[in-house]
Amino acid sequence: MTVDAPVAFDPLEEGFVASPYEQYARLRAHDPVHWSPLVDGWVLTRFDDVAAVLRDPTVSVELRHARPTPTVERQRERQARTGRSPDTLVLRDEPDHGRLRRLVQAPFGPRPVEALRRTVEQRVAAAIAALASRGSADLIAEFAYPLPVAVFNDVLGLPDEDAEQVREWIRAVTRVLDPVIDDAEHERCRALMDEMYEHLGEVIEAKRRHPADDLLTALVTAEDAGDRLSRDELVAQVVTLYVAGHEPTMSLIGNGLLALLRQPDQLALLRARPDLLRNAVDELARFDGPNQFVRRIATRPMVLGGREVAPGDVLYACVGAANRDPARWDDPDRVRVDRPDAAQHVQFGAGIHRCLGMHLARLQAEVALGALVGLDDLRLDGEPEWNERMVIRGLRRLPIAFRAR
Ligand code: HEM
């Protein structure tokens, strides 16, 4: 089938880490519904296919529906070894997904999130003040990473924690999302995840004993038509929120600032027109957002791009490629902070699993980027380093310089 295809999905190809978009473009042009023996699944790179699959109610997120390929077997085995059932709403179909989502969604709506603006602004102002006198920094370590941790701890009402420890846990959880990871590393990550589950379980118990006016207490006591989360369900959702809330937000800020530094006309436009900030966040999410792949499983025969997809086949919907599809976007490989339809991107997913935290992520990115572009003489100060992830693409290091205040 794809043996003769002129292109292959290969995250190990030279240059892929710095920019996967050239490979995506080749796939989209020559084999947009591409069977990848590397991940034992279909890699979808066209906007229309990606959006259709994410919105299709017959397409599942539950791995139990997948045909047992070597990749699927490995993922199942690893899931079984955690000793935990996949209780997170991300990995449940209806009706379980809807039930869990209804129980946790209230604090993440546009209004409750907008009420957090001052908290976010204060955190950002403090972080900028700490940088401003120095003239240079690694944006990731000194700003983009600590910000979502601090905001999330404020919002959830979590005790002050060892930021490095949290970072290690989160790194482990996001790393296991990659379909290409060896057993030894998977084991190391699993041990770290166990620690994280245990820690969050204790924090939740403490909240139950000492309720407060915060999001975690709201989740502990959340009810929907007399329904409640069990303890395991609650821990699983908090882990999800915790992880989903950190790394992608950090990477949106990092990737977004790098994109602006590489297109100085857009940086200048944003400085002159702060009213474009909100739209700029969506445009930067479209252009180089952290989420690259969303996994799904077909449960019925489907024809996608002329290819026959069988029930049980795994689909890797590449949102990063969809957001650069020239059939959907004008001049997709350029950032245009005033792009009129930027918010139509699928970086936050689509359909029933569309990102629950997108308003919070947008708010943080908007306030953070607004403050960063205000630094005088802002520029790159060395080579950025990428994190080498296939699913959550982000920077490990982003050296910047600016005029000290
Ligand atoms: C730039 C930042 C973010 C990006 C790019 C992002 C992206 C995504 C994507 C693509 C999905 C869909 C996954 C799928 O369909 O399988 C998703 C789901 C989700 N996100 Fe985010 N996310 C971000 C920030 C956040 C934040 C800050 C939170 C929490 C506070 C969050 C919580 C969630 C949750 C709970 C889901 C699962 C929703 C469901 O299954 O119904 N995300 N996110």
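The values are calculated or read from the model by the stated rules, or taken from the named source; none is laboratory data. Bear in mind that the values here come from a model prediction, so they are computed numbers and not experimental data. Positions of Cβ are generated from backbone atoms using ideal geometry, with glycine treated the same way; all protein chains shown enter the neighbour counts. The protein model used for the area step is the full one, side chains on, heavy atoms only, and it has no ligands, DNA or RNA in it. Shrake-Rupley method; radii C 1.70, N 1.55, O 1.52, S 1.80 Å.
Being assigned to a helix (DSSP H, G or I) and open to solvent by 20 Å² or more (accessible area, probe 1.4 Å) is a property that Ala327 lacks. Check whether at least one residue in region 147-161 is more than 24 Å from Met250 (Cα to Cα) and touching a residue at least 24 places away in the same chain (Cβ under 8 Å), and report yes or no. There is no residue in region 147-161 that is more than 24 Å from Met250 (Cα to Cα) and touching a residue at least 24 places away in the same chain (Cβ under 8 Å). Scanning region 330-342 for residues that are open to solvent by 10 Å² or more (accessible area, probe 1.4 Å) and either under 15 Å from Leu27 (Cα atoms) or basic (Lys, Arg) (or both) turns up Arg334, Arg336. The set of residues in region 218-245 that are on the phi < 0 side of the Ramachandran plot, away from the ligand (no atom under 16 Å from the Cβ) and surrounded by fewer than 18 Cβ atoms within 10 Å (Cβ to Cβ) comprises Thr221, Glu223, Asp227, Arg228, Ser230, Arg231, Asp232. Among the residues of region 295-312, the ones that are in a loop (DSSP other than H, G, I, E, B), open to solvent by 10 Å² or more (accessible area, probe 1.4 Å) and not aliphatic (A, V, I, L, M) come to 6 in all. Selection over region 378-392 of residues that are in a loop (DSSP other than H, G, I, E, B) and modelled with pLDDT of 95 or more gives a count of 5.
Against the condition basic (Lys, Arg) and over 26 Å from Ile253 (Cβ atoms), how does Arg278 come out, does it pass? Judged against the criteria, Arg278 is not a match. Contact annotation: residue pairs with Cβ atoms under 8 Å, 6 or more positions apart or on different chains, pairing a residue in region 22-37 that is over 24 Å from Val72 (Cβ atoms) with a partner that is hydroxyl-bearing (Ser, Thr, Tyr) and crowded, with 19+ Cβ neighbours inside 10 Å, are Arg28/Thr45.
When region 223-262 is filtered for residues that are out of contact with any Lys or Arg (no Cβ under 7 Å at 6 or more places or on another chain) and not in a helix (DSSP H, G or I), the ones remaining, listed by number, are Glu223, Ala225, Gly226, Arg228, Leu229, Ser230. The set of residues in region 73-108 that are part of a loop (DSSP other than H, G, I, E, B) and near the ligand (Cβ under 8 Å from one of its atoms) comprises Thr88, Arg92. Which ones in region 259-290 are within 16 Å of the ligand (Cβ to nearest atom), touching a Gly at 6+ places or on another chain (Cβ under 7 Å) and open to solvent by 10 Å² or more (accessible area, probe 1.4 Å)? The answer is Leu277, and nothing else. Only one of the numbered conditions (1) modelled with pLDDT of 95 or more; (2) away from the ligand (no atom under 14 Å from the Cβ) is not met by Cys189, and that is (1).
Here the condition is being outside any loop (DSSP other than H, G, I, E, B), out of contact with any Gly (no Cβ under 8 Å at 6 or more places or on another chain) and away from the ligand (no atom under 16 Å from the Cβ); of Ala317, Ala371, Ala343, it holds for Ala371 alone.
Within region 358-372, residues that are farther than 14 Å from Gly109 by Cβ sit with their Cβ atoms under 8 Å from residues that are more than 8 Å from the ligand (Cβ to nearest atom) and not in a helix (DSSP H, G or I), at 6+ positions apart or across chains, in these pairs: Leu372/Leu378.
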